[in-house]
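Written out below as structure tokens is the structure these notes cover.
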Amino acid sequence: MATLLRGRGGQPAPGAASALYDIPGPRARARHLVYGLLTTAALAVLLAGVFYLLTDTGQFAHVKWRPFAYEGVQELLLGGLGNTLKAFAMAAVLALALGAVLAAGRLSDHRPVRWVSTLLVEFFRAMPVLVMIFFVFVALRVQALPALVTGLTLYNGSVLAEVFRSGVQSVDRGQREAAYALGMRKTQVMVHVLVPQAVRAMMPTIISQLVVALKDTSLGFLITYEEFLHAGRLIAINMDYTMPFVPVVIVVSAIYIGLCMLLSWFANWVARRERGNLKNEAVAVAPAQAGSTMPGASP
């Protein structure tokens, strides 16, 4: 059992270990350093091998990257990127709204509402996104953009419903009981007490699911939606450009990674802004003062 180092007065000494683990000793730190160096060296060798293979196959040749300098190719990529962002924005807003509704249904006190919401959540979570997109596009004869947004909304909304439900239930039970003791209704307890505290815990998972939705917009090219991946495919299969498949993959991947990083940065900014909100700051309480306990006596 690990021991807790203590300094004077029984307080933990500076740099002491927690009660669950010990501070790594000199040998452990040396092992960790060696592991880190070996991992870094292995990654460097892997990246060097990939770079060598790409260079050896002529993937960095000027003729393969020349298409990106053409104005028509740039407009095609920008148009596809705009369509991707439009589909993602619509799917993200609708998925968050659907997730909130289904989560509220699963937390309802009415059993039929709870059963129906649970059935919908489990069904749409189990269905593959591509199957739902094809069903809406082919069976219901819906246009490409609404079909893509519908499939993304149903799947991601059902997943976010579970995230919202688990986040609300993770709040300490005493918070709910204290709010009810003050005479608040269930809706007031959810809106003013539980949800604001749960959002902080749910934020990383919500952003992760939105990143999944952003990447899943690439499924739109299977139903002829002219999104970003569809534009890259049109460039890659053009024989006049000597099949620049790898350069297109590099460019498209870099932009997708940049969009995901931008989304994560926005989530961190929202979290910092939420922590700095005056409504979330502690209220100063006046120090207790001695006073008379006799009824009617002046303080």
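The values are calculated or read from the model by the stated rules, or taken from the named source; none is laboratory data. Note that the structure is a prediction, hence the values are computed from the model and not measured. Positions of Cβ are backbone-derived with ideal geometry, glycine not excepted, and every protein chain shown enters the neighbour counts. Just so you know, the surface numbers come from the protein's heavy atoms only, side chains and all, with ligands and any DNA or RNA stripped out. Shrake-Rupley method; radii C 1.70, N 1.55, O 1.52, S 1.80 Å.
Please indicate, with yes or no, whether at least one residue in the stretch 67-77 is under 31 Å from the mean Cα position of the chain (by Cα), open to solvent by 80 Å² or more (accessible area, probe 1.4 Å), under 30 Å from Glu226 (Cα atoms) and among the acidic types (Asp, Glu). Yes, the stretch 67-77 has at least one match. Take Thr153 and decide whether it is hydroxyl-bearing (Ser, Thr, Tyr), out of contact with any helix residue (DSSP H, G or I) (no Cβ under 8 Å at 6 or more places or on another chain) and not in a loop (DSSP other than H, G, I, E, B). The answer is no for Thr153.
The rows are residues; the columns are (1) at pLDDT 80 or above; (2) within 23 Å of Ile255 (Cβ to Cβ).
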| residue | (1), (2) |
| --- | --- |
| Ala2 | no, no |
| Arg6 | no, no |
| Ser18 | no, no |
| Tyr21 | no, no |
| Gly25 | yes, no |
| Tyr35 | yes, no |
| Thr39 | yes, no |
| Val45 | yes, no |
| Phe51 | yes, yes |
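If the requirement is being open to solvent by less than 50 Å² (accessible area, probe 1.4 Å) and either closer than 14 Å to Gly157 by Cβ or at pLDDT below 90 (or both), which of these qualifies: Leu81, Leu98? So that I can check it myself, show each step before the final result.
On the way: Leu81 fails: either closer than 14 Å to Gly157 by Cβ or at pLDDT below 90 (or both).
After applying the criteria, what remains is Leu98.
Output the qualifying pairs, or none if there are none: Cβ atoms under 9 angstrom, residues six or more apart or on different chains, first residue in the stretch 96-113 and polar (S, T, N, Q), second residue modelled with pLDDT of 90 or more. Pairs found: Ser108/Arg114; Ser108/Ser117.
When residues in the stretch 129-183 are screened for being under 14 Å from Val101 (Cα atoms) and of a type in the set (A, V, I, L, M, F, W, C), 7 of them pass.
Note on the stretch 212-229: residues that are open to solvent by 40 Å² or more (accessible area, probe 1.4 Å), more than 21 Å from the chain's Cα centre (by Cα) and among the hydrophobic types (A, V, I, L, M, F, W, C) total 3.
The residue of the stretch 166-189 that is modelled with the highest pLDDT, among those that are part of a helix (DSSP H, G or I) and of a type in the set (Lys, Arg), is Arg173. What about Arg200, is it on the phi > 0 side of the Ramachandran plot and either surrounded by 16 or more Cβ atoms within 10 Å (Cβ to Cβ) or not aromatic (Phe, Trp, Tyr) (or both)? When the stated conditions are applied, Arg200 does not pass them.
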